[in-house]
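A.B. asks: Sharing a structure here in structure tokens format.
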Amino acid sequence: MNTEDFKRRLTAIFSADVVGYSRLMGEDDAATVKTITAYREIMAALIKQHRGRMVDSPGDNVLAEFASVVDAAQCAVAVQKEFQARNADLPENRRMQFRIGVNLGDIIEEGERIYGDGVNIAARLEALADPGGVCLSKTAFEHIESKLPLGYEYIGKQTVKNITKPVGAYRVLMEPRISGVADEEEGEADMAKRRKPFLVGAVVLLFVMIGFGAWYFYLRSSPSAVEPASKERMAFPLPEKPSIAVLPFVNMSDDPNQDFFGDGITDQIITYLSMNPNMFVIARNSVFTYKGKPVKIQQVAEELGVRYVLEGSVQSVENRLRLTVQLIDALTGKHLWAERYDRDLKDIFALQDEITARILEELQVKLVFGEQYRRVARPKNLDFIQKMSRGWSYFLLFTPESNALARQMYEEAITLEPEAATAYNMLGWTHLFEVFFGVSKSPGKDMERAFELAQKAITLNDSVGSPHSLLGYIYLAKRQYEKAVAEVERAVTLSPNDADARAHMANIFNYVGKREEAINLSKQAIRLNPFPQSYYFTFLGETLCLAGQYEEAIKAYKKALHLYPKDGSSKVGLAVAYSLLGREEEARATAAEFLMMRPRFSVKGWAMGVPYKNRADITLLADTMRKVGLPD
């Protein structure tokens, strides 16, 4: 035999053994054979999908190998979830439960056959798994601990039959994003290599036990894939239309700098979904609060008030991309759809459209996909995505220093993609914020530059709302109130699920005196973005205060300050609201705190800059500021 037929590799072995197989065959051999045949075919398809190879499937056993331990573990979880869903449609006495063992160890390879201690350990690990669960050896766990959105529970060193040394084992917590318990162990010596006329390979071994016996016990003891969310515990009432939260895609690459890749995919999917007025889509800021955190699907749904949750992972290796995605109905705990994509990186943007369209289809939303999504110009340069992602991270810090860094990123992005509307739009916002922060050397020129950039973005792509929100503020600063209102209304029309667009519309409506509408818009924005930036509550507090709802205004300002203690607008607004409610001592104390933050503040300077349409609003706020001790 040619020695080139043998090589050291990571692989996986399925060995499926049927508990009570003979008894079941005796009770109903035709049904048993039909069921096990169907399940074996499904397993074979999942093995192939995860880059695996079916090695053998005699009788009630299945043996397979995979290219990597990550593939093996992903396939194990996919098998369990697939059969859990299918068991729900079977009579109780015909439901099948699986136990899966995953091991990374040495095997002996001879032709198409593989055997050895690696296979034996995988078989023993299977017996340690829960029905419907997966058990990993320590060596397998060390290779996937941080690469999959799963949790793990260390169950100690196990003494197993025909294996000399105890085997460290971990139970996989089948629900995604749960933090696992992993006790540290001493390192174990590598298994001795066998010296035979075949090449011995390092492999991942996956052993599956199909438990056809003791159905009722297994059914009761097996964990659900996802614990259902409760409508009663939801922080917000469920919208009437399909509601969804898209969790940040998990970076499974070894390089943490590749986070931007998954972030970019998440952003694109949220953007595309948000363009559909028949859906309710949680804003980026809120879902990204879960990034890197061990959370349950149930928790996400209840905290954000949504029925559906989309989650996924992305791994880039050289010029290839692997992306996995699953859509979950949080109210039932069922996986509605799961898919895996292997693509060249050049196909990533078409892939984003494909995934988005598929999700909308699964949610049964009637929509003509193509033309609507083609309106969003997609970048072709991965460096561009990285620049935009970093720029956004800087921008959201809302400081003069971070704003300058964001501007640099957006300027560099434009050199990479001169026709990318989103880069011009965001660059325009940085010029506007330069003025808002009071650090602009030439406010007039910065405002004019922001206007030019907004117009440029709209010329390139007038399908999203953000450039119109930017124009709304520029017209507001110029006291062109009708144009300001028209622009923010246009922004919300184009981007009905854009929480920022509604927040900005609320703020501008407050300045022009549309108080009731402004309050409703602020609340809608917070509903779309339950974990917003502080300015959402600042806008709401200002509107409530001028509407005479002082207690509610105080609550809003306190929320803003909790999120951003250096928010001067909320601090001075809180002082004013306290005073208008008659709580003068608290008002003066808060005003004194504000002056420590802004020692150069003057009421007169403030009054000259704020663009309220109704002079009475300025008079009320200015007089109250003087009353609480702020200098004229």
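A.B. asks: Out of segment 251-284, which residues are under 20 Å from PHE384 (Cα atoms) and among the β-branched types (Val, Ile, Thr)?
C.D. replies: Step one: list which residues in segment 251-284 are under 20 Å from PHE384 (Cα atoms), which gives 251, 253, 255-272, 284.
ILE265, THR266, ILE269, ILE270, THR271 - these are the residues of segment 251-284 that are under 20 Å from PHE384 (Cα atoms) and among the β-branched types (Val, Ile, Thr).
A.B. asks: Determine which single condition PHE395 fails, assuming it passes every other condition in (1) over 27 Å from the mean Cα position of the chain (by Cα); (2) within 19 Å of ASN285 (Cα to Cα).
C.D. replies: (1)
A.B. asks: Here's a check for you: in segment 22-72, which residue that is touching an Asp or Glu at 6+ places or on another chain (Cβ under 8 Å) and assigned to a loop (DSSP other than H, G, I, E, B) is modelled with the lowest pLDDT?
C.D. replies: ASP60
A.B. asks: Filter segment 421-444 down to the residues that are buried (at least 23 other Cβ atoms within 10 Å of the Cβ) and without any contact (Cβ under 8 Å) to a residue 12 or more places away in the chain and list them by number.
C.D. replies: Selection gives nothing.
A.B. asks: Among (1) touching a residue at least 40 places away in the same chain (Cβ under 8 Å); (2) in contact with a Leu (Cβ under 6 Å, 6 or more places away or on another chain); (3) of a type in the set (A, V, I, L, M, F, W, C), which single condition is ILE508 missing?
C.D. replies: (1)
A.B. asks: Still on this model: Say whether the condition of being in contact with a helix residue (DSSP H, G or I) (Cβ under 6 Å, 6 or more places away or on another chain), crowded, with 19+ Cβ neighbours inside 10 Å and modelled with pLDDT under 50 is met by at least one residue in segment 191-203. So that I can check it myself, show each step before the final result.
C.D. replies: First, the residues of segment 191-203 that are in contact with a helix residue (DSSP H, G or I) (Cβ under 6 Å, 6 or more places away or on another chain): 191, 203.
Keeping just the survivors that are crowded, with 19+ Cβ neighbours inside 10 Å gives 191, 203.
The next check asks that each one be modelled with pLDDT under 50; those that pass are 191, 203.
Yes, the conditions are met somewhere in segment 191-203.
A.B. asks: Could you tell me whether any residue of segment 308-326 is touching a residue at least 24 places away in the same chain (Cβ under 8 Å) and farther than 29 Å from ARG343 by Cα?
C.D. replies: no
A.B. asks: Any residue that is in contact with a helix residue (DSSP H, G or I) (Cβ under 8 Å, 6 or more places away or on another chain) and at pLDDT below 50 - is there at least one of those in segment 172-184? Outline the logic, then answer.
C.D. replies: Quick first cut of segment 172-184, residues in contact with a helix residue (DSSP H, G or I) (Cβ under 8 Å, 6 or more places away or on another chain) only: 172, 174-177, 182.
Still in the list and also at pLDDT below 50: 177, 182.
Looking for residues that are in contact with a helix residue (DSSP H, G or I) (Cβ under 8 Å, 6 or more places away or on another chain) and at pLDDT below 50, one finds at least one in segment 172-184, hence yes.
A.B. asks: Oh, and also: Could you pull out every one of the helices (runs of 4 or more DSSP H) wholly within segment 245-322 that has 3 or more residues that are among the aliphatic types (A, V, I, L, M) and under 21 Å from ALA235 (Cα atoms)? Step through it out loud before you land on a result.
C.D. replies: Details: elements: 259-274, 284-287, 297-304.
Answer list for segment 245-322: 297-304.
A.B. asks: For segment 312-334, does any single residue satisfy the condition of being surrounded by fewer than 21 Cβ atoms within 10 Å (Cβ to Cβ), in contact with a helix residue (DSSP H, G or I) (Cβ under 8 Å, 6 or more places away or on another chain) and closer than 14 Å to ALA78 by Cα?
C.D. replies: There is at least one residue in segment 312-334 that is surrounded by fewer than 21 Cβ atoms within 10 Å (Cβ to Cβ), in contact with a helix residue (DSSP H, G or I) (Cβ under 8 Å, 6 or more places away or on another chain) and closer than 14 Å to ALA78 by Cα.
A.B. asks: Would you say ILE100 is hydrophobic (A, V, I, L, M, F, W, C), surrounded by fewer than 22 Cβ atoms within 10 Å (Cβ to Cβ) and assigned to a strand (DSSP E or B)?
C.D. replies: Details: hydrophobic (A, V, I, L, M, F, W, C): yes; surrounded by fewer than 22 Cβ atoms within 10 Å (Cβ to Cβ): no; assigned to a strand (DSSP E or B): yes.
No; evaluated as a whole, the condition is false for this residue.
A.B. asks: Looking at (1) in contact with an Asp or Glu (Cβ under 7 Å, 6 or more places away or on another chain); (2) crowded, with 17+ Cβ neighbours inside 10 Å, can you tell me which one PHE594 breaks?
C.D. replies: For PHE594, the exception is condition (1).
Residue by residue, here is whether (1) at pLDDT 95 or above; (2) in the same structural domain as ALA591 (by TED's automatic domain parsing) holds:
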residue	(1), (2)
HIS504	yes, no
ASN507	yes, no
GLU517	yes, no
LYS523	yes, no
PHE539	yes, yes
LEU544	yes, yes
TYR550	yes, yes
LYS558	yes, yes
LEU563	no, yes
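A.B. asks: Pick from GLY444, GLY428, GLY438: which is at positive phi and of a type in the set (Gly, Ala, Ser)?
C.D. replies: GLY438
A.B. asks: Count, please, the residues in segment 113-125 that happen to be crowded, with 24+ Cβ neighbours inside 10 Å and either in a loop (DSSP other than H, G, I, E, B) or within 35 Å of the chain's Cα centre (by Cα) (or both).
C.D. replies: Residues flagged as crowded, with 24+ Cβ neighbours inside 10 Å and either in a loop (DSSP other than H, G, I, E, B) or within 35 Å of the chain's Cα centre (by Cα) (or both) within segment 113-125 amount to 2.
A.B. asks: Let me spell it out: the conditions are (1) assigned to a helix (DSSP H, G or I); (2) surrounded by 20 or more Cβ atoms within 10 Å (Cβ to Cβ), and GLU412 meets all of them except one. Which number is the exception?
C.D. replies: For GLU412, the failing item is (2).
The values are calculated or read from the model by the stated rules, or taken from the named source; none is laboratory data. Note that the coordinates shown come from a computational prediction; the quantities given were computed from them, not determined experimentally. Neighbour counts are summed over all protein chains in view; Cβ atoms, including those assigned to glycine, are modelled from backbone coordinates with ideal geometry.
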